[in-house]
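To start, the structure itself, in structure tokens.
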Ligand code: DAH
């Protein structure tokens, strides 16, 4: 037993030192491992004379407890030290400003689409989507634009096969067809998205954006169309008064058809919407042609309504003072940094549409 007491002193002494976790674990296995010093002492109990056995066992137990506690204590201490060191090393100062060059911006076209969706959702329109690659039927035929119709030429279509069956949609109007084919009336939807025409200059890009609107129900008339567009233009340009005029026009899928102009003037080189005596065309619209409704199995004697198609890029240019359409698609980071929007500023009618 005196040997064991010596060993106890020896280990307690060692444990005072500046030790690593693996060194302490080594002591632990030296003492309590399968052939550890203390474990072997326990095996001796049976051979001890009976008169001394009880004392031997109780002394041994006491020594074992002391050493074990001391080892656990040491391990805890080392671990605590390591955690504190790590916390110090990996400290993050949350009050530091973020790195400005890591901040992305929302493209003005995306922002404008979000604004438009927010405005129309306030008056009960939901958002529909259609694919960029369309078939000829949805893009033209179902929209009352049969083969050889002159309107087809005006669209400068990108066909994707020799049979002219697949194409890049030339407008968002085919989403009207997709929506009415998959559901039953009433319909009240907008469909923003990309559209394509083989055309490129300062005011035309081969890929551009439109938003389609469609409202079909019983007893819908042109007054509803006017009210809806009037509300939209005022909300979008964030003005109280708007000058708007409907000009007779022609689209195969609407009858009657109109184009809508808004009044503007230029003051100090800036375009002011809703005042002045200049006119700017911003959209096409009309009452949905009965042939279109018949093509999608909607009874045109019971249901009728209006549709409109708005050029999104043009609205964005007007609202945000951007004068070259091509800049939208050049991916110039400096331009985006200037005209882009903060990703956290989601447009809403209540909190404000734009900054
Ligand atoms: N799809 C037409 C275009 O791209 C725009 C348009 C005009 C859409 C009248 C409509 C509409 O829904 O009623 O030129």
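The values are calculated or read from the model by the stated rules, or taken from the named source; none is laboratory data. This structure is a prediction, so every number in the text was calculated from the model and none was measured. No Cβ is skipped: glycine too gets one built from the backbone with ideal geometry, and neighbour counts run over all protein chains shown.
With respect to (1) more than 10 Å from the ligand (Cβ to nearest atom); (2) in contact (Cβ under 8 Å) with a residue 12 or more places away in the chain; (3) under 27 Å from the mean Cα position of the chain (by Cα), the lone exception for residue 309 is condition (1).
Within segment 219-244, the residues that satisfy the criterion of being touching a strand residue (DSSP E or B) at 6+ places or on another chain (Cβ under 9 Å) and loosely packed, with under 12 Cβ neighbours inside 10 Å are 219, 221. Of all residues in segment 43-50, one or more are more than 19 Å from residue 71 (Cα to Cα), touching a helix residue (DSSP H, G or I) at 6+ places or on another chain (Cβ under 6 Å), in the same structural domain as residue 70 (by TED's automatic domain parsing) and in contact (Cβ under 8 Å) with a residue 12 or more places away in the chain. The number of residues in segment 235-258 being within 33 Å of the chain's Cα centre (by Cα) and either within 17 Å of residue 316 (Cβ to Cβ) or within 12 Å of the ligand (Cβ to nearest atom) (or both) comes to 5.
When 255, 235 are checked against the criterion of being touching a helix residue (DSSP H, G or I) at 6+ places or on another chain (Cβ under 6 Å), in contact (Cβ under 8 Å) with a residue 12 or more places away in the chain and either in a helix (DSSP H, G or I) or closer than 24 Å to residue 171 by Cβ (or both), a single residue qualifies: 235.
Annotation note: of 318, 280, the sole residue that is in a helix (DSSP H, G or I) and either under 35 Å from the mean Cα position of the chain (by Cα) or within 27 Å of residue 220 (Cα to Cα) (or both) is 318. The one condition from (1) away from the ligand (no atom under 14 Å from the Cβ); (2) closer than 30 Å to residue 347 by Cα that residue 175 does not meet is (1).
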